[in-house]
Each structure stands twice: as structure tokens, then as C-alpha cells.
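Right, one structure below, let's go through it.
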Amino acid sequence: MLLPTLHGFRNLQATDQRDKVYGIIGIVQSPDDEPPVEVDYNKPVAQVYCDVVEGAMKDNGDLQVLSYVEHPTEYEYHGDVPSWIPLWHVSTKVTRFLWPRNNIACAGRPMQVHPNISFNGECASLTLTGIYLDRVSYVSHSIEAQRPLFSKDEKLKKLITTLAKLVKDPQDNTNAIEASDSTEYEPSAEAIATAFTGGFTSMKSFTQESTYIDELRRDETIRTQYMEGFWRCVRGEQTEALPSQRFSFEDMARLMCHRRRIFRTSRGYIGLGPRCMHVGDIVAVLDGGKVPFVLRPLVDGGHEYALMGECFVYDIMDGEVLQMVGHDGVQDKTFVLR
């Protein structure tokens, strides 16, 4: 409960930024439980936030806490504050995470070893293992929610139309990586459509009663309805939610694309990532990660990176990347996050 509660209070202020953590502990902690982090006002704010990351990874056994990282559009890492700690005192405008809480799909392997956090003065690093997927070769503009989304955002309208033209057979929605070992990746219509909705395929409310790509793959009715909404947006037609849903395809795209960017990698994978990402960043699937992450190399050819944030890539959201290791540059790697 600690992480969702910390996130829920991000838009509120505190005189002492350490109280953005310490003040919340009393709300979520049972009297008989040990506190999730040790209360110590002698610690700098950044170290308190590091304690939250370390405690969350230990208690949950995953990297869910890293999905709470959000940077501004023009973010640059300067070494003073670790890129991988959520800044609980900074308000957030991203509406929803790229993973549903009730979904069992997982992009990464379970944690092989407990991640290592080391300190050099006040600068902390987080060492993780995982899989390098590809380099980012294109990013869209930072998308802002508008109504209607695709008719008001001309750049986004042009982008969805351009990407849709990559689909050779609109009726063939098979996963492209299952069909060939070739580097000539051809995105399916589903891979493109789900990039705009972050993998969500239907929504009845902001927080509950939503379906994810696993339902898209096994429920023909959901797939047909969802893809029809996508093609209507491509054709510039108005989309409407079905009677059983609250959100149309365009509604979901407006919700999930807000303050994010559509991106494409050098081998053609299409996804939705954080607004701070740039060409030259990489996509990695970290051990313990439910979703992939965008990382920024700090030294060419090295192991040090800054964490940009979580991302969605249709073709690797349920462990598919494990079958790709050793092919086309996909490789196991140690990542040192600064």
C-alpha cells in the first residue's frame, strides 16, 4: 500500500520533503508491523527516497517502484539526484501507468538477485540485470490530451496514418516475432494500435474494469471491437464507446498518451514511452520488471544509464524477449543506473 499512497499524495505539499515519505508511513502502517523504511531526519531527501526504492524492491520482489519515476520533458541527468528514484514531492500529470494491477503478464524475468544500491557520497547507483532490446531511432512530439485527440493534434493524426500504412495485411494480427527470425520486423496492426492505448483494450472506469492485451489475444469479440476503433481513427472517423464500455479507442489513447511519446526502435518495434525520451535512448527489459523501461546511455558502449521511465512495446510484454536473446543484438546485460 505504501507506493500507491505515496503516489496519491504527490500533488500535496510538505514543508519538509522527507515528510512526503515519513508522514505517509503512519497512514499505511499497521501498529504491529515494522515501518517500511527507517525514519531518520538526518538523512538527505534523496537518500530517504532511495530507502523507499530499496524497501519496495525487497518487499515486493519486483521493480514496480520504478514505474513511479517521472521526469520533465527536457530532462537531463546531472549526477546530483539519481534518475531512478521517484520524486514524491513533485506533482505528476501522467494519468495512468502502463501496467494493470490485475494482469499476470510480465515482460521481464523474476529478479535473479536482489538489486544492489551503492553510494558514492550523496550520489547513489542501482545495479540491475536484464536484457537489452534495441535503440530508439524515432520519437514523436510530447502528446497532450485534447478532445477530440486525433483531429486536433495534426502531428498525431499524421503519425497514426503513417504507421498504419506499415501494415501489409490489416486482417493479419499475428505477432510478428513469432513468424520470423529475420531482422526485417513488420509490425502487426495490433502492435501499432496498442502503442496508442498503452496496451489497454477496453475501459469502463479510470481505475477498474479494464482489459489488457492478453484479452485482445484470446477474446475475438474484444479484438474485433478494439481494432475497429483503431481503424476508424486511422480513417478520420468518429469513434464511440460500446454500450458495455465507458471509453472509446480515442478516449483510451487520449488518457494513455498524455505527456508521453510514441517511439520506434532501429529494428522497427513501436511503443509508448515517457515524454523525456530521446533518439539514442535504449529499450531494456529488466529482471523483476513487469514492463520494459527506457534508459539513456551515459557513456557510449558502457554500462551506465539514466532511467527515463516505463514504456510499452506490444511484442515483448509477456516474456517474448527471452526467446530473442542472442539474435539481432538482443543480449543479457548488467545495467548501472545513475
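Values computed for the structure shown
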| quantity | calculated |
| --- | --- |
| Every residue from the range 117-167 that is in a loop (DSSP other than H, G, I, E, B) and under 30 Å from ARG338 (Cα atoms) | GLY121, GLU122, SER140, HIS141, SER142, GLU144 |
| Residues of the range 286-321 that turn out to be touching a Lys or Arg at 6+ places or on another chain (Cβ under 7 Å) and not in a strand (DSSP E or B), as a count | 2 |
| Considering residues of the range 248-272 that are surrounded by 20 or more Cβ atoms within 10 Å (Cβ to Cβ) and among the small types (Gly, Ala, Ser) only, the residue farthest from ILE282 (Cα to Cα) | SER248 |
| Residues located in the range 61-81, provided they are within 13 Å of the chain's Cα centre (by Cα) and under 13 Å from MET111 (Cβ atoms) | LEU63, GLN64, VAL65, LEU66 |
| The one condition in (1) surrounded by fewer than 14 Cβ atoms within 10 Å (Cβ to Cβ); (2) more than 25 Å from GLY301 (Cα to Cα); (3) at pLDDT below 85 that VAL113 fails to fulfil | (2) |
| VAL336 vs. criteria surrounded by fewer than 22 Cβ atoms within 10 Å (Cβ to Cβ), on the phi < 0 side of the Ramachandran plot, in contact with a strand residue (DSSP E or B) (Cβ under 7 Å, 6 or more places away or on another chain) and among the aliphatic types (A, V, I, L, M) | yes |
| Test: residue in the range 49-68 that is free of Cβ contacts under 8 Å to residues at least 24 places away in the same chain, assigned to a loop (DSSP other than H, G, I, E, B) and of a type in the set (A, V, I, L, M) | no |
| Filter result for ASP328 (modelled with pLDDT under 95 and surrounded by fewer than 18 Cβ atoms within 10 Å (Cβ to Cβ)) | yes |
| Residues of the range 224-261 that turn out to be out of contact with any helix residue (DSSP H, G or I) (no Cβ under 6 Å at 6 or more places or on another chain) and among the β-branched types (Val, Ile, Thr), as a count | 1 |
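The values are calculated or read from the model by the stated rules, or taken from the named source; none is laboratory data. Everything quoted here is computed from the prediction, not taken from an experiment. No Cβ is skipped: glycine too gets one built from the backbone with ideal geometry, and neighbour counts run over all protein chains shown.
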